[in-house]
1. Ratio of Rg to Rh for the chain, alpha carbon only, Kirkwood?
2. Which order results if 30, 286 are arranged by neighbouring Cβ count within 10 Å, fewest first?
3. Principal axis lengths of the range 149-285 from Cα atoms, whole Å, largest first?
4. Using only alpha carbon pairs under 8 Å that are at least six residues apart, calculate the relative contact order of the range 42-332 and give it in whole percent.
5. Which value in Å is the Kirkwood Rh of the range 331-423 over different Cα pairs?
6. Please report the antiparallel percentage of the DSSP beta bridges confined to the chain, to the nearest 5.
7. If you build the convex hull over the alpha carbons only and average its shadow over all orientations, what do you get for the range 182-243? Give it in nm² to one decimal.
8. With everything on Cα atoms, drop me the angle between helix 267-279 and the longest principal axis of the chain, reported from 0 to 90° to the nearest 10.
C-alpha cells in the first residue's frame, strides 16, 4: 500500500466518522441518460378481476390508465372498457362456474358438452357487448396447476385445439392466448415448458396461438420468480419460438399474472416488476390478486383481492388507495413522455424515466426490492435537457410496511398520496443533476419530478375568476398608493 492510498483511506475514514460521506459499500448508484431517448413511453400494465359490482372509485381507477384487464364477468368488462383497457376473457372461468368449480371442470369427460357450452357462452358475451369485441380469449387458466386442471398432457393439447376451433368458428378474427401457466419452468416437460407445448400444439393440430402467456407469481419468498427473472424468461421464450418455428411466427407475449402474495402490496417490488416488464418488451401484463388481511379498530376481515380492492390497489371499500396504488398512478403520469435510458448498480434497484418536453419535466419512478438493508441511493441525470443553471426537484416517498411481507399480507391505506420528502433547487453541474436519497429502504419507492427551475419560477398561478379579480384589485390598490406617495 502506497503512502498516497493510505492517506486517502485515512481521510475518507475521517469523513465517514464526521458523517460527511457515507461508506462506499452503502451507496447504490443510478443513472438517467437524458440524452438517450429510447421511444415513446408505453404503459403495459393491467389488472385481474379485482372488484364486485359498484365497489370501485371510478375516478381513481381512471387515474391509473389501465391498458389491459383479464376477467370473466360482464360487470368487470364494462369497467375495463370504460377506461379503455384491452380485455382478455378467461373462458375456463366461465366453464368452471357453470359446472360447480374447477375441481369439477373435466371437459374430456364430455367434449361435445364442453364445445356446446363454449358456443353458448361466446354468443352470450357478444349479445351483451355487440359493438365492443374482446381483444383475447384465454383458453384455460393455469393448466399446470392441479387445482385448475387434472387432465393428462394429451388432454391439455386436445382442450386447446378444440377451444381454438370453436372460437375461430364463432369469430374468424378472434385472437386466442395461452397457456397462462402458473410459473414458467423452461427445463420441465409438459405445458409448463410453454414453447415445447406450443410446438406440440402446432405439430399435432396445426394450431398457433395469437399470444403466448405465462404467470410470474410463484413468490420470491418461496423460491419462485423475482422481477428480474422476467427478462431471462422472456429471452428464453423468444429464442425457443424462433428455434421451433423460425421467424415467421411472432406472437404477442403476455405476462397475464405477476407478483406473489408476499410481494404484491410492496411499492418497491411493483416498481421492479414494471421495470422488467418494460425492459423485456412485454406486450401486456396484469397484476395477480391474493388473499389479504384488513384491520379496522378491533375488527379483522380476510378477503380476496380478486373480488375486492382491485388486486391491492385499494382497501376493501374500493376507494381508499394503498401504497401500491400510488406507484401505478405515478407510472401512469409518465404516459405521453419519451422514455429515457437508465442504469443501476444493482439489479434489484430499478428506475424508470421519461422526458416531457412540453412541460419541461423529467419523471422518475424508483424502487428497491429483496434487499437486506437500507442504503443511500445516488441518482445522476446526465445531459440534463433543459436550459438554466438550476433544476427544481420534488422527491415523494411511497412507503413500504413490514406487514406486506407476512404470509397473509396486511393492507394499509394511504389516502392522501406519497409523502413529499423535499422540494429543492438543485444546481446543474457540467450538464448533470445529482439527487441523493439516504436510507432508501427495502420495498420502498420514490416518485421524482425534475423541472426547469426557470419555468418553475415564472409559472403563472392557476386562479379562479374571483381570485384573479382579487389579485388585480390588490395590484391596482398598491399601485395607487405608490403613485400617491411619489406625488
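Rule-based calculations on the coordinates, nothing more; no lab input. Remember, it's a predicted structure, so these values are computed and weren't measured experimentally. Cβ atoms come from the backbone with ideal geometry, glycine included; neighbour counts cover every protein chain shown.
1. Working: Rg = 26.4 Å, Rh = 25.0 Å.
Across the chain, the Cα-based Rg/Rh ratio is 1.06.
2. Details: 30 22, 286 28.
So the residues, fewest neighbours to most, are 30, 286.
3. Cα extents, longest axis first: 44, 33, 29 Å.
4. Numbers: 540 pairs, mean separation 62.6, N = 291.
Once divided by the residue count of the range 42-332, the mean separation gives 21 percent.
5. Numbers: mean 1/r = 0.0635 Å⁻¹.
Across the range 331-423, the inverse of the average 1/r is 15.7 Å.
6. On the way: 55 of 88 bridges.
Approximately 60 percent, going by the DSSP bridge assignments.
7. Projected area, direction-averaged: 4.4 nm².
8. Long axis of 267-279 versus the principal axis of the chain: about 70 degrees.
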